[in-house]
Every structure is written in C-alpha cells, then in structure tokens.
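Below: the structure, in structure tokens.
The values are calculated or read from the model by the stated rules, or taken from the named source; none is laboratory data. All of these numbers come straight from a predicted model, not from anything done at the bench. Neighbour counts run over all protein chains shown; Cβ positions are idealised from the backbone, glycine included. Note: accessible area is taken over every heavy atom of the protein model, side chains too, but ligands, DNA and RNA are not part of it. Shrake-Rupley method; radii C 1.70, N 1.55, O 1.52, S 1.80 Å.
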Amino acid sequence: MLAVFVRAALHPGRMKPSRLVRPVTKIPERSLVHQESLPKLPVPPLKQTCERYLAALEPIVSKEELDHTQQLVQEFLKGGVGERVQKGLERRARKTDNWLSEWWMQTAYLDCRMPVPVYTSPGVVLPRMHFQDRQGQIRFAAKLIAGVLDFKRMIDTETLPVEYLSGKPLCMDQYYQILSSCRIPGPKRDTVVNHAMGKTPPTHITVVHNFQFFVLDVYNSDGTSLTVDQIYMQLEKIWNSSLQTNKEPIGILTSQHRNTWGKAYNNLIKDKINKESVRAIQKSIFTVCLDAPIPRVSDEMYLSRGAAQILHGGGARWNSGNRWFDKTLQFIVGEDGTCGLVYEHAPAEGPPIVFLIDYVVKYMQKQTEIVRSPMVPLSMPQKLRFNITPDIKRDIEKAKQNMNIMVHDLDVKVLMFFHFGKNVPKQHKLSPDAFVQMALQLAYFRMYDTCCSTYESASLRMFKYGRTDAIRSTTVDSLRFAQAMQDPAKQGSERLALLQKAVQKHKENTYDAIHGQAIDRHLLGLKRQSIEDLTSMPEIFMDTSYAVAHHYCLSTSQVGSKTDCVMCFGPMVPDGYGVCYNPMDEHINIAITAFNSCEETNAAKFAQAVEEALLDMRALLDDTATVKQ
Ligand code: COA
C-alpha cells in the first residue's frame with residue numbers, strides 16, 4: 001500500500017515540484033474546536049534524523065555501504081546543504097497546517113501509477129456470514145447500508161467521539177474524507193474529490209450487481225434515512241432488474257494502471273450519458289457490490305480466498321468488474337456469504353475504516369429480523385447507462401486481461417492464530433505489537449537467513465491532518481534476537497533477554513514515530529524540499545543504502561478492531577510480503593500477501609514461519625518463567 005513511496009524514493013529524478021492537489025474537504029467549523037487544539041507536526045532535528053538513519057541502516061546494508069553512507073551523511077550535515085534544506089522545511093512547517101500532508105498525498109497515492117487494487121487499496125475481510133442465497137445477501141446488505149447511514153449521522157451532526165492514542169486526542173479529519181468521495185484518474189497525477197461538503201451533498205449510494213450500476217436514494221424527502229425494510233425492498237428491485245449476466249464490466253476499467261485508466265477515462269466521459277453515470281458513482285456516499293457466488297473452497301482456504309476476493313474480485317470472470325475501484329468505500333456482500341470492504345487508500349488509513357466497521361457490525365447485531373410493514377412505495381432505483389463504443393470495448397478487454405494477470409499473481413494466506421493473543425505478551429509485560437513484529441523478524445530470518453528493511457505504519461494523528469510515519473522494525477537488536485534463536489549455543493535466558501531488548505527498542509521507536517520523531521517522512525520532506533528549492537539532489541538520496549532502506553520486503557501494519565476481522569493489502573515491492581494483523585485478546589488474525597511471480601516468496605510458507613515463531617517465542621517466555629520460579 002505504500003508502493004509509490006518506494007518507487008519515488010528509488011527514482012528521485014521523477015519527482016516534480018509540487019502542484020496544487022485539489023483540496024480535500026476540511027472538517028466542519030464546529031469540529032474545529034478540537035482540530036485547532038491539535039499540535040502541528042514537528043520537523044525533527046536534522047542531526048537526530050541523520051543518526052537514526054545510520055542506525056536503521058546498520059542491520060540491512062553491508063559494512064562498506066554503511067561506511068560510504070556515513071561519509072555522505074557527514075557531508076550533508078557539515079557542508080551546509082542539510083541545514084539549508086532543513087531551514088526550508090521549517091519555513092514550510094510554519095506556513096502550513098501540516099508540512100507533510102500535501103507531499104504525502106501526492107507521493108504515496110496520487111502520483112502512484114500502479115493499479116489501485118492489490119497495489120494500494122486495502123481490504124477488510126469480515127467473518128464468514130452464514131447465508132447462501134439471494135435473500136440472505138440482500139438482508140445483510142440492507143442492514144449494512146442502514147448501519148453505515150447511522151454512522152454517517154454522527155459525521156453529519158459532528159457527534160463522532162474523538163479518538164485517543166496513548167492518552168492524546170487524535171485528528172478526526174480522515175472520518176470526513178471517507179464518505180461521498182472518489183479518486184479520479186489523471187494522465188500523470190490523480191485527484192480526489194469529496195462531495196460531502198458541496199452545495200448539494202449526495203443523498204444516494206451506488207449499488208452494483210452483475211456489473212450493472214444503480215443509483216439508490218437512501219434518504220426520504222424529509223431528510224430521514226430509509227429503514228432497513230425499505231432498503232431491502234429497493235435492493236430486491238435492483239437485483240431483479242439486473243439478472244442478465246452478459247453485461248460489459250465497465251467498472252473493471254478502474255483496475256487499470258493509472259495512466260492507462262486516465263486515457264480510457266477521458267475517452268469514456270466524452271459521451272454525455274457516460275459522463276453523467278460516472279459522476280453519479282463518484283458523487284455517491286459509498287458503493288455496495290452485490291457479488292455473484294464464487295467457486296467453493298475448503299474451510300481452511302475460505303478466508304484466504306475471501307481476502308483475495310475482497311482485494312481484487314477474483315478476475316474478469318467473477319467479480320472484478322463488479323467494482324468501481326476508485327470509490328473510497330466499497331462494501332462487498334457476496335451471495336455465498338463472502339463479505340468485507342475494499343477502500344481506496346488516498347483519503348484515509350485503516351483505523352478509521354475499521355472503527356466504522358465495528359460500529360456497523362454492532363448496529364447490525366441490534367437489528368431484529370425484517371418485518372415487512374406496509375409502506376409507501378418508493379420509486380425504482382435508477383439504472384446507470386453506459387454507451388460502449390468500440391474503443392471503450394477495447395479498453396475493457398485490455399483491463400480484463402490485466403486484471404486476470406494481477407489475480408494470478410497475488411498470493412494470499414490468512415492465518416488465524418488461535419494459540420494465544422495479546423494476553424500472553426501482556427502477562428509477560430511486553431508490548432503485543434512489538435512481540436508480533438519480532439515474530440515477523442524471526443520468521444523472515446529463518447526463511448532467508450538474513451533480515452530486510454521492514455515498514456510498520458505508525459499513526460501521526462496526534463497532529464493536525466496527520467497520517468502515518470514508519471516504524472523500522474528491523475534493528476540491530478531484532479537481528480541479534482533472531483540470530484540467537486537460530487544459534488544452538490545460546491541459552492533460553494540469553495534469548496529471552498535479547499527478545500526483551502528488541503521489544504523495548506521497538507517500543508521506543510514506536511513512541512518516537514507516533515510523536516513525529518521517526519525518520520522516513522522527515523527524509524522525504526528533505527528530499528521534496530530540495531526539489532522545491534530547485535537545487536541538485538543531495539547525494540544521500542542517490543545512494544544505494546537509501547534505495548535498500550526503502551525496499552521494504554516486509555510491509556506491515558497492525559489494524560486492531562473489535563470485530564473478528566482482518567485487514568489485508570498487497571506487498572510493497574515485487575519480492576516482498578504485505579502483512580496486516582489484528583491482535584485480539586485470545587487470538588491473532590494475520591493476512592499475508594506476496595506475488596507468485598517472485599520465486600523466493602510464498603505467503604503460506606511465511607505464514608507457517610510466523611506461526612512457528614510466535615509459538616517458539618511463547619515457549620521461551622513460559623520456559624524461562626518456569627526456570628525463574
Ligand atoms: N506490558 C503490558 N501491557 C502492555 C505493554 C507492556 N509492556 N505494552 C503495551 N501493552 C498494552 C497496551 O497498554 C495496550 O493495551 P489495550 O489492549 O488495553 O489497549 C496493548 O498492550 C496494545 O499495545 P501495543 O501492542 O504496544 O500497541 P499499540 O496499541 O500501542 O499500537 C501501533 C502500536 C504502532 C500499532 C499504534 O501506535 C499505531 O500507530 N496504530 C496505527 C496504525 C496505522 O495507522 N495503520 C495504518 C494501516 S492502513
């Protein structure tokens with residue numbers, strides 16, 4: 001999901017001075033009281049970042065590379081270049097609400113030319129639903145829609161509770177970006193539009209079934225939202241009027257490489273009817289995809305297959321055309337009970353999305369079975385029409401082929417680790433997140449006999465308009481711990497001490513990251529500032545070590561939730577893994593992805609290595625605790 005950042009880091013010449021991104025909606029005035037009290041994202045001290053950068057390189061580059069980089073860093077610090085760029089960045093920080101947000105939005109998302117499915121859009125897989133038919137599917141979808149509208153009420157009335165992290169209030173801006181918004185492809189850079197605060201905020205959602213899109217008005221004329229019963233009836237009408245399965249999967253166009261889609265988009269909207277239909281989707285509050293059933297798999301495979309289905313739709317033959325991947329929020333309800341959501345990443349991170357899911361799931365649990373009460377008949381939801389010219393047809397065929405390649409390339413394994421959850425590390429006075437991260441380090445080391453650059457997302461929401469920074473989980477301490485676990489000469493007590501030290505280091509790095517003192521975004525800022533200043537690119541950004549540091553073979557994130565679900569996303573690099581985990585009290589849900597085109601990676605093998613690492617680390621804690629008694 002951070003693929004762009006890496007690519008940009010590897011090709012500094014590609015970065016252009018920033019142009020204005022279409023402004024995203026800012027949160028309403030009344031909420032500004034809370035927003036205004038939030039501190040600004042700091043610019044970390046230059047020397048501190050340089051020192052931490054060298055420390056982060058130590059376990060992942062050779063001695064010669066490190067020596068060379070040390071020299072470059074010294075020149076950067078002492079030669080005046082670093083200080084000048086740092087001053088520019090500090091000036092920017094004084095003049096803006098958040099010195100990073102616009103650059104980050106461009107670098108991480110809008111400039112990224114890779115397709116959004118698999119490469120940037122995360123998915124959330126909900127627990128298996130036990131319906132197997134159309135009625136169950138529609139009933140579930142109706143409750144879900146009502147739940148999201150109930151959540152929207154909190155946004156509209158600004159009654160959403162402020163969230164906290166480590167006792168500090170968080171920026172709530174992302175909640176105002178996820179509804180009624182959509183990404184729009186551009187030939188070189190995309191934009192995101194948000195219609196929530198426009199003159200006429202939307203009152204409709206889009207529903208897609210058998211590749212056919214419908215506008216479903218979800219508010220009555222008095223402003224009240226439709227009831228679950230009413231939504232159910234409307235969905236039934238949609239279902240019945242989209243039974244044909246031979247329609248062109250127009251939505252699959254949105255799965256293309258962004259330049260390709262940008263061109264196809266301009267061609268598509270030349271036609272007035274197409275333009276209006278596309279606009280109706282873009283403007284809608286969110287999209288609901290009523291998916292066709294997919295071939296059955298064993299219970300063991302069910303969640304992994306579900307995750308793949310959520311991430312890409314299963315290919316042109318199945319549900320990949322039953323999407324508008326540019327839409328920020330798409331809820332997926334399969335006829336066979338596969339449910340979840342896929343979201344376009346530009347406007348928000350996983351935690352607000354999962355908070356919404358938790359709310360909606362709770363809301364749905366409170367809903368009793370549908371009682372069909374007599375009601376005023378509602379008008380038929382409007383079917384969106386598309387005129388498919390031979391050019392558009394050709395674009396669709398190309399998109400189908402490319403999507404099928406992506407589907408075959410994505411390797412997904414969902415590991416439900418039932419042996420223990422957050423409880424065990426907590427009992428041993430260890431941070432559960434750091435414990436899982438060390439298990440990932442150990443698993444990787446056991447598979448490859450080396451460690452790699454590792455990215456863990458850390459929230460920057462303590463700051464106004466804050467998004468994320470990176471915790472670099474691979475440290476000298478994590479490497480020593482992994483090496484000790486593989487060294488038969490090492491005693492349990494020694495291994496435990498190394499684990500504790502590595503966990504402690506990770507905890508410190510987490511603290512620094514969420515308090516705006518990590519290195520990744522600062523380095524990006526220094527680099528972007530150099531481009532803005534139109535000076536030559538400082539050597540440290542052209543260095544091999546910089547490329548190695550940003551080649552994240554492990555791209556990881558914790559996204560915790562109350563619902564027993566798991567978030568998933570694709571790897572950041574062709575030879576890497578994407579790992580997202582949800583540590584619950586008594587178990588851990590972990591989604592692992594890799595690319596089949598890379599011979600060295602294998603999601604199932606890595607999942608097994610993670611499982612073994614977690615079990616061995618627990619044994620280490622238990623054995624050593626027993627010895628101490
Ligand atoms: N002893 C006992 N308990 C401990 C402990 C210790 N040494 N250290 C931590 N804990 C407890 C915490 O109090 C917390 O308790 P809770 O379950 O009652 O809340 C729990 O263990 C979890 O803490 P920890 O595992 O350390 O992680 P965290 O919740 O602080 O999360 C991050 C760490 C990095 C995931 C979080 O700070 C963050 O930034 N999240 C956002 C991630 C994100 O944006 N992802 C984007 C994906 S698109």
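Could you check what % of the DSSP bridge pairs in region 115-409 are antiparallel, to the nearest 5? List each step's numbers first, then the result.
Values: 24 of 33 bridges.
Here the share of antiparallel DSSP bridges comes out near 75 percent.
For PHE213, which sequence-distant residues (separation of 5 or more, or a different chain) have an amide H within less than 5 Å of its own amide H, given hydrogens modelled in the peptide plane?
LEU384
Compute and list, largest first, the equivalent-ellipsoid semi-axes of region 237-388 from the alpha carbon gyration tensor, each √(5λ) rounded to a whole angstrom.
Details: eigenvalues 135, 95, 62 Å².
So the three semi-axes of region 237-388 are 26, 22, 18 Å.
As I understand it, the value is the acute angle between the Cα axis of helix 46-57 and the longest principal axis of the Cα atoms of the chain; what does it come to in degrees, rounded to 10?
So the helix axis and the longest Cα principal axis differ by about 90 degrees.
For MET197 and TYR219, what is the calculated FRET efficiency with R₀ set at 22 Å and r taken between the beta-carbons, to the nearest 0.05?
Details: r = 17 Å, r/R0 = 0.76.
My answer for the efficiency is 0.85.
Between helix 603-628 and the chain, what is the angle of the helix's C-alpha long axis to the longest principal axis, kept within 0 to 90° and rounded to the nearest 10?
Taking the Cα atoms of the chain, the angle to 603-628 is about 50 degrees.
Suppose accessible area is computed on protein heavy atoms with a 1.4 Å probe; arrange ARG139, ARG521, ARG467, ARG296 from highest to lowest.
On the way: ARG139 65, ARG521 5, ARG467 35, ARG296 190 Å².
Final ranking, largest accessible area leading: ARG296, ARG139, ARG467, ARG521.
I'd like the antiparallel share, as a percent to the nearest 5, of DSSP beta bridges with both residues in the chain. Please list the in-between numbers first.
Working: 46 of 63 bridges.
Here the antiparallel bridges make up roughly 75 percent for the chain.
In the chain, which cysteines lack any other cysteine Cβ under 4.7 Å from their own?
Within the chain, the cysteines lacking a partner Cβ under 4.7 Å are CYS50, CYS112, CYS171, CYS182, CYS289, CYS339, CYS451, CYS565, CYS568, CYS580, CYS598.
Given a 1.4 Å probe and every protein chain left where it sits, what share in percent of the accessible area of the chain is carbon and sulfur?
On the way: 13510 of 25290 Å².
Summing carbon and sulfur atoms, their accessible area is 53 percent of the total for the chain.
Along the Cα→Cβ direction, 7 angstrom out, place labels at ASN596 and ALA497. What is the inter-label distance in nm?
4.8
Amide H of MET462 versus every other amide H placed in the peptide plane: which residues, excluding those fewer than 5 positions away on the same chain, fall under 5 Å?
Correct list: CYS171.
Starting from the amide H of ASP291, placed 1.01 Å from N in the peptide plane, find each other amide H under 5 Å away whose residue is 5 or more places distant or on another chain.
Here the answer is VAL333, GLY334, GLU335, since their amide H atoms fall under 5 Å of that of ASP291.
Longer than 31 Å from Cα to Cα, which of LYS47/LYS562; LYS398/LYS605; LYS47/LYS168 are they? Say none if no pair is.
Details: LYS47/LYS562 41 Å; LYS398/LYS605 33 Å; LYS47/LYS168 27 Å.
Cα-Cα > 31 Å for LYS47/LYS562; LYS398/LYS605; rest within.
Counting heavy atoms of the protein chains only and a 1.4 Å probe, report the per residue accessible area for the chain as a whole number of Å². Don't skip to the end; give the middle numbers.
Numbers: 25290 Å² over 629 residues.
On a per-residue basis, the chain sits at 40 Å².
Listed here are the pairs LYS327/LYS507; LYS188/LYS275; LYS40/LYS188; LYS63/LYS505; which of them are more than 26 Å apart at the Cα? It would help to have the intermediate numbers written out before the result.
Details: LYS327/LYS507 36 Å; LYS188/LYS275 21 Å; LYS40/LYS188 30 Å; LYS63/LYS505 22 Å.
In this structure, LYS327/LYS507; LYS40/LYS188 exceed 26 Å between Cα atoms.
Reachable aspartates and glutamates from LYS366, Cα under 16 Å, same-chain residues fewer than 8 places away excluded?
ASP150, ASP229, ASP358
Which shape class, rounded, prolate or oblate, goes with region 467-527 when its Cα gyration tensor gives a ≥ b ≥ c as root eigenvalues, a/c under 1.5 marks rounded, and past that a/b bigger than b/c marks prolate?
Details: a/c = 4.95, a/b = 2.64, b/c = 1.87.
The shape class here is prolate.
Just want to confirm a number: the relative contact order over region 115-409, from Cα pairs under 8 angstrom separated by 6+ residues, in percent. All intermediate terms of the calculation are to be shown ahead of the outcome.
Details: 504 pairs, mean separation 93.4, N = 295.
RCO, region 115-409: 32 percent.
Per-residue HN-Hα couplings for region 61-76, Karplus 6.51 cos²θ - 1.76 cosθ + 1.60 at θ = phi - 60°, whole Hz, x for Gly and Pro?
10, 6, 4, 5, 4, 5, 4, 4, 5, 4, 4, 4, 5, 4, 4, 4
Once fully extended, how much extra length lies between ASP449 and GLU532, figured as 0.36 nm per residue of separation less the alpha-carbon to alpha-carbon distance?
Stretched fully, the ASP449-GLU532 segment lengthens by 25.8 nm.
Report the antiparallel proportion of the DSSP beta bridges in region 182-291 as a percent, rounded to a multiple of 5. Could the numbers behind the result be given before it?
Numbers: 10 of 14 bridges.
The antiparallel fraction comes to roughly 70 percent.
If each Cα of the chain is one equal point scatterer, what is log10 of I(q)/I(0) from the Debye formula at q = 0.12 Å⁻¹?
Here log10 of I(q) over I(0) equals -1.29.
For region 115-409, take every pair of Cα atoms, bin their distances at 10 Å starting from 0, and report each bin as a whole percent.
Over region 115-409, the share of Cα pairs per 10 Å bin runs 6, 29, 37, 22, 5, 0 percent.
Roll a 1.4 Å probe over the protein heavy atoms and report the accessible area of HIS68 in Å², nearest 10.
My reading of the accessible area for HIS68 is about 90 Å².
Over the chain, what is the mean sequence separation of C-alpha contacts under 8 Å (at least six apart), divided by residue count, expressed as relative contact order in percent?
Details: 1185 pairs, mean separation 136.3, N = 629.
Taking the mean separation of contacting Cα pairs over the length of the chain, I get 22 percent.
Please tell me the relative contact order of region 474-532 in percent, rounded to the nearest whole number, where contacts are Cα pairs under 8 Å and at least six residues apart. Show your work: numbers first, answer last.
Working: 21 pairs, mean separation 18.5, N = 59.
So the answer I get is 31 percent.
Given the -39500 (n - 2.57) contribution per DSSP H run of 4+ residues, what per-residue ellipticity at 222 nm results for the chain, rounded to the nearest 500 deg cm²/dmol? Don't skip to the answer; put the middle values down first.
Values: 20 runs with 270 residues, N = 629.
About -13500 deg cm²/dmol.
³J(HN,Hα) across region 340-345 via Karplus (A = 6.51, B = -1.76, C = 1.60, θ = phi - 60°), whole Hz, x for Gly/Pro?
x, 8, 10, 10, 6, 6
Taking the alpha-carbon distance from LYS272 and a cut-off under 19 Å, which lysines remain once sequence neighbours fewer than 8 residues away in the same chain are dropped?
LYS263, LYS283, LYS383, LYS393
Can you compute 3J(HN,Hα) from phi for each residue in region 161-178, using the Karplus curve 6.51 cos²θ - 1.76 cosθ + 1.60 with θ = phi - 60°, rounded to whole Hz and x for Gly and Pro?
So the J values, rounded to whole Hz, are x, 5, 8, 10, 9, 6, x, 9, x, 10, 5, 9, 3, 4, 4, 7, 9, 8.
Between TYR164 and VAL476, how high is the FRET efficiency from 1/(1 + (r/R0)^6) when r is the Cβ-Cβ distance and R₀ = 30 Å? Nearest 0.05.
Values: r = 32 Å, r/R0 = 1.08.
E(calc), rounded to 0.05, equals 0.40.
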